[in-house]
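All remarks here apply to the structure that follows.
The values are calculated or read from the model by the stated rules, or taken from the named source; none is laboratory data. A quick note: this is a predicted structure, and the numbers were derived from the prediction, not measured. Cβ coordinates were reconstructed from backbone atoms using ideal geometry, including for glycine residues, and neighbour counts include every protein chain displayed. To get the accessible areas, we keep the full protein, side chains included, count just its heavy atoms, and leave off ligands, DNA and RNA. Shrake-Rupley method; radii C 1.70, N 1.55, O 1.52, S 1.80 Å.
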Amino acid sequence: QVQLVEAGGGLVQPGGSLRLSCAASGSIFSIYAMGWYRQAPGKQRELVARIGRRGTTDYADSVKGRFTISRDNSKNTMYLQMNSLKPEDTAVYYCNKDPLGDWGQGTQVTVSS
């Protein structure tokens, strides 16, 4: 069982940046593909970015060119670097493995002036 803890959210102005982290418990983190998801108020949770076991990446069209997903298997940690943030990026951000496991508490990202 992998437990995940998200961190790094906050309030940022449009155009700003944030770096989210996802810390995983257990020693089997490296065998899973991982993903960042987000859920805005009144909307369904959506996949934002995905990273394979060997580092291949994929992004939702809405964040391509602005967000970068990465992982450090030696630290059991995944990251999401978010640049050029927009108000529509406001959401609770979650990480999870593939296949999906239990959801953590997420971290709130608010983009507002």
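The table that follows gives values for the structure above.
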quantity: Total residues in the stretch 97-113, condition open to solvent by less than 40 Å² (accessible area, probe 1.4 Å), modelled with pLDDT of 95 or more and closer than 23 Å to residue 3 by Cβ; calculated: 3
quantity: Selected residue [among the charged types (D, E, K, R), within 12 Å of the chain's Cα centre (by Cα) and closer than 16 Å to residue 98 by Cα] from 71, 53; calculated: 71
quantity: Top-ranked residue in the stretch 13-32 [being of a type in the set (A, V, I, L, M) and under 11 Å from residue 95 (Cα atoms); ranked as most open to solvent (accessible area, probe 1.4 Å)]; calculated: 23
quantity: Unmet requirement for residue 2, which otherwise passes all of (1) in contact with a strand residue (DSSP E or B) (Cβ under 6 Å, 6 or more places away or on another chain); (2) open to solvent by less than 80 Å² (accessible area, probe 1.4 Å); (3) farther than 14 Å from residue 98 by Cα; calculated: (3)
quantity: Failed condition for residue 89, given (1) acidic (Asp, Glu); (2) over 14 Å from residue 19 (Cα atoms); (3) at pLDDT 95 or above; (4) surrounded by 12 or more Cβ atoms within 10 Å (Cβ to Cβ); calculated: (2)
quantity: Subset of the stretch 33-48 that is among the basic types (Lys, Arg) and without any contact (Cβ under 8 Å) to a residue 60 or more places away in the chain - its residue that is most open to solvent (accessible area, probe 1.4 Å); calculated: 43
